[in-house]
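The structure appears below as structure tokens.
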Amino acid sequence: VTFTNHFVTTPICCPSRVSLLRGQLGHNTNFTDVLGPHGGYAKFRALDLDREWLPTWLQKAGYKTLYTGKFIVDYTIRNYDPPPSGWTVFDALVHPFIFEYYSPAFSLNGGQPRMYPG
């Protein structure tokens, strides 16, 4: 998808991403920060925010879905499994390696994180 003109409802990365993928404002998702108690992967899972959202809607329409890159800052080496639902392939960066641009670590479909030095 390419957006030629796109606006977000909040300048905070994780709540903005959740809002975009759910089609809801942050105050409707109750996911309003990067880390707990108002954000973070544990809160994302506890609120079932991956139950009804863009990737599940696309899969119901017959599409395959892929997510790669930064998901939620608090998606870490301790809580990468299970990955969020709805993605055919989910390959996300895991914290604390999200901002290690020359040694990132990714978890493919909830598997053991793998580092990519250099």
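The values are calculated or read from the model by the stated rules, or taken from the named source; none is laboratory data. Quick caveat, the model's predicted, so the values are computed rather than measured. Glycine also receives a Cβ, built like all others from the backbone with ideal geometry; neighbour counts cover every protein chain displayed. SASA here: full protein model, heavy atoms, side chains in, ligands and nucleic acids out. Shrake-Rupley method; radii C 1.70, N 1.55, O 1.52, S 1.80 Å.
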Take 7, 99, 90 and sort them by solvent-accessible surface of the protein heavy atoms, 1.4 Å probe, largest at the top. 7, 99, 90
Over the alpha-carbon set of segment 1-66, divide Rg by the Kirkwood Rh and report the Rg/Rh ratio to two decimals. 0.99
Once the convex hull of the alpha carbons of segment 45-110 is built, what does its volume come to per residue, in cubic angstrom? 76
Relative contact order [Cα under 8 Å, 6+ residues apart], the chain, whole percent: 17
How large is the convex hull of the Cα atoms of the chain per residue, expressed in Å³ as a whole number? 115
As a percent rounded to 5, the proportion of antiparallel DSSP bridges among beta bridges in the chain is 45
Centre separation in Å (Cα based) which lies between segment 62-95 and segment 1-38: 16
When the helices in the chain are scored as -39500 (n - 2.57) per DSSP H run of 4 or longer and the sum is shared across all residues, what 222 nm value do you end up with, to the nearest 500 deg cm²/dmol? -5500 deg cm²/dmol
Label-point separation in nm, residue 116 to residue 35, each point 7 Å along Cα→Cβ: 2.6
Please give, to one decimal in nm, the separation of the simple spin-label points placed at residue 88 and residue 63, each 7 Å out from Cα toward the Cβ. 1.1
